[in-house]
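First the structure, in the form of structure tokens, and then the observations on it.
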Amino acid sequence: MSKSYRDGLPISPDKFVDQLMRLKRGSIGRREFLGLTGLGVATAVMAREIGLMPTPAFAAENLGDRMSIATWPNYHDPATFENFKKDTGVAVEVNVFGSNEEMLAKLQAGASGWSLFVPTNYTISTYKKLGIIEALDMAKLANFDGSQEDPRFTSEGTIDGVTYAVPKNWGTTGFAVNTKKLAKPMTSWKEFWDTAMAEGDGRTMVHDYQLTTIGNALKYYGFSFNSLKPDELAKAEELLLKVKPHLFAVSSDYQPSMRAGDAWMTMCWTNDGAQLHRDIPEIAYVLGKEGGEIWTDFYAIPKDAPNKPAGYALLNYLMTPQVAVKEHLANGAPSTDARVNKLLPKEVLDNPILYPAADLLKPLEFGAAATLTDPGRAELMARFKSA
Amino acid sequence: MHGNRFRHNLLTALLLGPATAWLVVFLVLPFIAITVFSVGERAPEGGYQAAFTLAQYANLPARATAFWNTMVLAPAGALACLLVAYPVAYYLALRAPERWRLILLALVVIPFWTSLLMRTYAWMYVLGGRGIPALLAYVGIEDIRLINTPGAVLLGIVYGYLPLMILPIYVSLERLDRRLLEASADLGATPVSTFLGVTLRLSLPGVMTGFSLVMILLLGEYLIPTLLGGGKVFFIGNALVDLFLQSRNWPFGSAIAITLVLVSVVVLIAANRISTRLSGARRVDLI
């Protein structure tokens, strides 16, 4: 097993603070905090060194004792990683990211140190083209059952018959509203942007992410979420520049501000919407009736993964329906796997945030690879942010 | 004689070796790398693609707003820092009782032991809805927003960089020859003109050191505007982060980075010149 230079390094200050903040706002418990920050691992390692805890043997392959995963904030049941460690002896270091571009940038630069990561549908073809993800060895993923997956959500993981990524969950991009502060019912992106400049003045957040922020501004005019047409993008830019002075923040970390009551309305992904609504019932999740984004997050393994055996082992573990169910209950995103849906409690399946009505889903578009990498949209975003 | 010189040279080499190696590895080599990147092109999927073009430099006006914001913020932030720091340094050096001085100085430095990120996060919570606004709501003042305002960014900057400003000023004031103050008073100067003509004048090297130190750090600042300003105010540091981590336009990011380095050098030299002229005699070397 090749060793990354990162192996054994302590958690970085940013990540530590990240986890500390999650602990503070109650997204994770103290045990999870210890686990994710490595404080728990440190204790466990010390205990093992002095013989207090036996190292569990793993029959098939040497998995090493640690690996690292790159994923999104508030996206896993921390108990999953603790249980995986109990079963295999492999401690999982969790790296949290704010955007797909950031993940791509890290992987492009090389030596990311990850053995598993969670890319979104529209990035997979780019990763494949750049040759930085592994064609998955399906024999090592016995728990994955492609026949149980909804092809609408999973097709982008397979290119020319080769599977590069398997789905974790799907979701939508809508907006969350604190209905105590903004009582007027809203159903469209037009209302989102108009309210941001009126009652929601100084209290509205948009993502620090060109794909969704520009995409949802395009929806104001009914254009495609993925539009690359200069005249349509010019209209979206005009709207964004007009809204800019009224915004509370341009940030993809909106949960703390929504929870603290600083922000009243924000662009929002399904899973965050479900978590916010679960904890603060007056926060509603709205899908714009004009459409917007639907997405699938996948699991993939980088070609230069320092601990591929553990990456496969964790992925296979995560594909176990009984494990995946807990993941969905924790992060609030809907599953692509029929076996998992069978295990989910009825109130989850009936939750319109997770499983919206068909007529709301219909106009949604999957983000396209070209949308993410388009330099014109990147420059537009820079003009918006610097305005 | 000969052996002596050899030994002398060896000693010099040993003394300078670690610093030189450090600078070569962490300053010169990266600088060469970004210089090469800056004349390249963005690959279709992002990153760097070899080329020789000045297109990235020609494109610099696309980040003019970011440069402008930075050029306004950096001196303004440093000035705000100076206005808060000078009285503190003055008190510490000239007024504080001897036995308290060390403790007070330690209190200035101790927050520096915690990372700036941690301290800025703390401010996020103090200024956020569950902090001061919640207290204000308790006494009946509702819906006050403090976080993500220019004021919050200014507060974060002054707070974050204060020790860097206080310490050099303190040092220059501490070395001040008190007899000059007495002489000035004996010769009939008012306290105000003594302060302006003697104290302030002689502490100028410290002021300029602190000012340029804070200003140069502010030229690259991106954390405080992001966390306390809600990412709405865009500095050159933010432009760099986005170019490298979001749009992955490494060549353009490199061109901006080089421009920023050049600007910083110009600022340093200018500050050095001004300081030398104002204080009359002593040359201050910052680099």
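The values are calculated or read from the model by the stated rules, or taken from the named source; none is laboratory data. Treat the numbers as computed from the prediction; the structure is a model and nothing was measured. Reconstructed Cβ throughout: ideal geometry from the backbone, glycine too, with neighbour counts over all protein chains shown.
The helices (runs of 4 or more DSSP H) found wholly in region B:79-167 and carrying at least 1 residues that are within 14 Å of chain A (Cβ to nearest Cβ) and more than 19 Å from the chain's Cα centre (by Cα) occupy B:116-127, B:132-138.
Highlighted here are the helices (runs of 4 or more DSSP H) found entirely within region A:113-232 that include at least 2 residues which are among the aromatic types (F, W, Y): A:189-196.
Inspect region B:35-52 for any residue being within 14 Å of chain A (Cβ to nearest Cβ), of a type outside the set (D, E, K, R), out of contact with any strand residue (DSSP E or B) (no Cβ under 9 Å at 6 or more places or on another chain) and under 17 Å from B:V261 (Cα atoms) and give the result as yes or no. Yes. Within region A:97-118, residues that are more than 10 Å from every other protein chain (Cβ to nearest Cβ) reach partners that are surrounded by fewer than 20 Cβ atoms within 10 Å (Cβ to Cβ) and assigned to a helix (DSSP H, G or I) with beta carbons closer than 7 Å, at six or more positions or on different chains, in the pairs A:S112/A:K106. Among the candidates B:P205, B:P163, the residue that is within 28 Å of B:M71 (Cα to Cα) and in contact with a Phe, Trp or Tyr (Cβ under 6 Å, 6 or more places away or on another chain) is uniquely B:P163. Evaluating A:E282 against the criteria (1) within 14 Å of chain B (Cβ to nearest Cβ); (2) more than 20 Å from the chain's Cα centre (by Cα) leaves one unmet condition, (1). Going by what's in this entry, would B:S193 be described as hydroxyl-bearing (S, T, Y) and buried (at least 20 other Cβ atoms within 10 Å of the Cβ)? Against the criterion (hydroxyl-bearing (S, T, Y) and buried (at least 20 other Cβ atoms within 10 Å of the Cβ)), B:S193 does not qualify. Test each condition in (1) surrounded by fewer than 24 Cβ atoms within 10 Å (Cβ to Cβ); (2) in the same structural domain as A:N62 (by TED's automatic domain parsing) for A:D279 and report the one that comes out false. Tallying (1) surrounded by fewer than 24 Cβ atoms within 10 Å (Cβ to Cβ); (2) in the same structural domain as A:N62 (by TED's automatic domain parsing), A:D279 fails exactly one: (2). Among the residues of this structure, B:A255 counts as one that is assigned to a helix (DSSP H, G or I), buried (at least 24 other Cβ atoms within 10 Å of the Cβ) and more than 11 Å from every other protein chain (Cβ to nearest Cβ). For A:E290, the conditions (1) surrounded by 23 or more Cβ atoms within 10 Å (Cβ to Cβ); (2) away from every other protein chain (no Cβ under 12 Å); (3) touching a Gly at 6+ places or on another chain (Cβ under 7 Å); (4) of a type outside the set (K, R) all hold with the exception of (1). Of everything in region A:212-234 that's out of contact with any helix residue (DSSP H, G or I) (no Cβ under 8 Å at 6 or more places or on another chain) and away from chain B (no Cβ under 14 Å), which residue is surrounded by the fewest Cβ atoms within 10 Å (Cβ to Cβ)? Selected residue: A:D231.
Can you find even one residue in region A:365-376 that is more than 30 Å from A:V243 (Cβ to Cβ), away from chain B (no Cβ under 14 Å), of a type in the set (G, A, S) and crowded, with 18+ Cβ neighbours inside 10 Å? No, region A:365-376 contains no residue that is more than 30 Å from A:V243 (Cβ to Cβ), away from chain B (no Cβ under 14 Å), of a type in the set (G, A, S) and crowded, with 18+ Cβ neighbours inside 10 Å.
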